[in-house]
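To start, the structure under review is shown below, and the notes come after it.
The values are calculated or read from the model by the stated rules, or taken from the named source; none is laboratory data. Values in this document were obtained by computation on a predicted structure and should not be read as measured data. Cβ atoms come from the backbone with ideal geometry, glycine included; neighbour counts cover every protein chain shown.
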Amino acid sequence: MTSWIVKAEGLLASLLLAIIVLLVFAAGIMRWFGHPLVWSVDLAQLLFVWVSFIGADLALRKRAHIGIDYLVKRLPGQFRAALDLALGAVVLGFLLTMAVMGYRLTMLNLERQFGDSGISYGFVTAAVPIGCLLLAITLAGQMLRTAATLRSRPQPVFAPASTSVHAEELVP
Amino acid sequence: MTLLAVTFFLLMSLGVPIAFAIGIAGFSFFATNEIMPLSIGVQQVATASQSFPLLAVPFFVLAGHMMNRTGITSRLIACSSVLVSWMSGGLAQVCIVLSTLMGGVSGSAVADAAMEARILGPSLIARGYSRGFTSATIAVGSLITATIPPSLGLILYGFVGNVSVGRLFLAGVIPGLLMMAGLMLTVWLIARRRGYRAEMTERPTMRAVWRAVADAKWALLFPLALLLAIRGGLFTPSEVGAFAVIYAAVVGFLLHKELTWASVMEALFEAVVDTGLIMLIILFSGMVGYAIIFEQAPQSIAEAMTGLTREPILVVALILIFLFIAGLFIESTVLVLLLTPIFLPIVTPLGVDPVHFGILMMTIVTLGSMTPPVGVAMYTVCSLLDCPVEEYVVESVPFVFTILVLVAILTLWPGLVLFLPNALM
């Protein structure tokens, strides 16, 4: 079930990224020929915020977001897992508040136009509540798994960046 | 502002992913401020994504992942090996030159360091180079990749500081090459003393060099095409980023014939995840950026600094020292996002060129990911090569020292940085 969602998310975001590349490439080429496409860059910007949030969610699923485990890796496993659960609850509260506030803002922004494209700015703003909600769901799932194994095999919620092979290609 | 800073450092030191730590810190400012409604904070997150130059980030990340699958990397390794493996410390020299050549197609130091640690690292250790020396050469050498255009760090700096990315790219060329020369000299001196031998006894023939260069021509031509496209003013850096992706596809499918649809999909997926990692930090830092401006932090810090000295070089030196120390503990993307809006308005009125300052700042800040206690490039290389961090720290001293000397030289002679952008743009 979850792997099916991951695949769908990955495919959707990959497709969006490919479209963004083609949109910006086309805009460059067309301007070169003297026929600028104004809407294509606007559309690319709009899709970009969605790619960013879906990508962030995929990264969270792989526990690839960089954190500093310099201090906490010295803690005993069970203590660290418990600490992570407490911190995770704070992050969860933050993400859910952002989702609610973002929803209200989107409703306010529906009228506002995005660039000259005639697309509602609400499509940009909507990425914030939906993105935060996706992140919250993923995080909640990871916290549940940690909580379930807290006594037998304590696992931190936020995996250390240094042991994750995926954490490497991220920083400029 | 105090609450914001305390929240950020507390959460970060407890191991919360940086993106969330920065988001909650910014959120705390809006939640406790009576004038600022919370919805402005949410709005800032959405607004942060609506910058055209920022689109260059996913493009160059994707181009990098695709280039790796087009056979460009293996050709560049062959090329660097022919060029420098006859020198003392031959294989280590290959690492440095490869970082430079990779710099022209990739914008990320950590990606380059990881690739070299996987592909070249084991053979260096097998030839008797110490683990620490190997790791330090690869990790600090990858700083060249981050300096030679395209560079993700410079794109971010240009985005936050509103500085021309084209000029920044051109400005990175000479410092990148000087870095290569400096690090090669360092490797040569250490290799001579320890007896790390050359790989080949004789210098390569012109024909061998020519054959290797011709084989890698599509990779070597790329940075030139990139600079030409931006310099001509016809295309913006973001559009050039999109071209880079198409270029990689053309080279991979048609010229090298090594790219497959499956590997394009892999590259897209990896690029999406990397983009998510970088962008979540950028999006959530939108709130903190707003708070910094609202609280007039740049003005108060500027007053404190200019109370000490008004000499531009000294102010820049003070900032660089501060950045070096901050870079030991804080990840480079975060430093660029948060400190550029504070420091750039301080140095610009003193007559420091934003492009010059950008190169200095990026070099010092990126060096932070090669130094302990917090350094992503360092941990990546050390964990891939199974090198104890203590050993790395000792062996990296001469390399870090070389970089610091180079930064001092670049600070004193802005012409080295500004010559190319002023002459060409």
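Is at least one residue of segment A:108-116 assigned to a helix (DSSP H, G or I) and within 21 Å of the chain's Cα centre (by Cα)? No, because not a single residue in segment A:108-116 is assigned to a helix (DSSP H, G or I) and within 21 Å of the chain's Cα centre (by Cα).
Within the group A:Leu110, A:Leu92, A:Leu105, which residue is surrounded by 17 or more Cβ atoms within 10 Å (Cβ to Cβ), over 27 Å from B:Ala377 (Cα atoms) and more than 9 Å from chain B (Cβ to nearest Cβ)? Just a single option satisfies the conditions, and that option is A:Leu92.
I'm trying to understand the selection: among the residues of segment B:110-120, which are part of a helix (DSSP H, G or I) and more than 7 Å from chain A (Cβ to nearest Cβ)?
Initial filter on segment B:110-120 (part of a helix (DSSP H, G or I)): B:110-119.
Within segment B:110-120, B:Asp112, B:Ala113, B:Met115, B:Glu116, B:Ala117, B:Arg118, B:Ile119 meet the criteria.
Within segment A:1-30, residues that are under 16 Å from A:Ala127 (Cβ atoms) sit with their Cβ atoms under 9 Å from residues that are among the charged types (D, E, K, R), at 6+ positions apart or across chains, in these pairs: A:Glu9/A:Asp57; A:Glu9/A:Arg61; A:Ala13/A:Asp57. B:Val376 meets the stated requirement of being at pLDDT below 90 and not charged (D, E, K, R). State whether the residues of segment A:46-55 include one that is modelled with pLDDT of 90 or more, facing another protein chain (nearest Cβ under 7 Å) and closer than 20 Å to B:Val240 by Cβ. Yes, that holds for at least one residue. Among the residues of segment B:302-325, those identified as under 25 Å from B:Met378 (Cα atoms) and either surrounded by fewer than 17 Cβ atoms within 10 Å (Cβ to Cβ) or of a type in the set (Asp, Glu) (or both) are B:Ile321, B:Phe322, B:Ile325.
For segment B:214-247, residues that are away from every other protein chain (no Cβ under 14 Å), surrounded by 15 or more Cβ atoms within 10 Å (Cβ to Cβ), part of a helix (DSSP H, G or I) and at pLDDT 85 or above total 6.
Within segment A:76-89, take every residue that is over 16 Å from B:Gly23 (Cα atoms) and in contact with a Gly (Cβ under 9 Å, 6 or more places away or on another chain) and give me the one that is surrounded by the fewest Cβ atoms within 10 Å (Cβ to Cβ). Quick ask: steps written out before the conclusion?
Initially, segment A:76-89 is screened for residues over 16 Å from B:Gly23 (Cα atoms), giving A:76-86.
Right, trim to in contact with a Gly (Cβ under 9 Å, 6 or more places away or on another chain) and you get A:80, A:83-84.
Numbers: A:Arg80: 21, A:Leu83: 17, A:Asp84: 25.
Applying the filter and picking the extreme gives A:Leu83.
Entry remark, segment B:22-58: residues being assigned to a helix (DSSP H, G or I), more than 21 Å from A:Tyr103 (Cα to Cα) and within 9 Å of chain A (Cβ to nearest Cβ) number 5 in total. Against the numbered list (1) closer than 30 Å to B:Ala212 by Cα; (2) at the interface with chain A (Cβ under 9 Å from one of its Cβ atoms); (3) not in a helix (DSSP H, G or I), B:Val61 comes up short only at (3).
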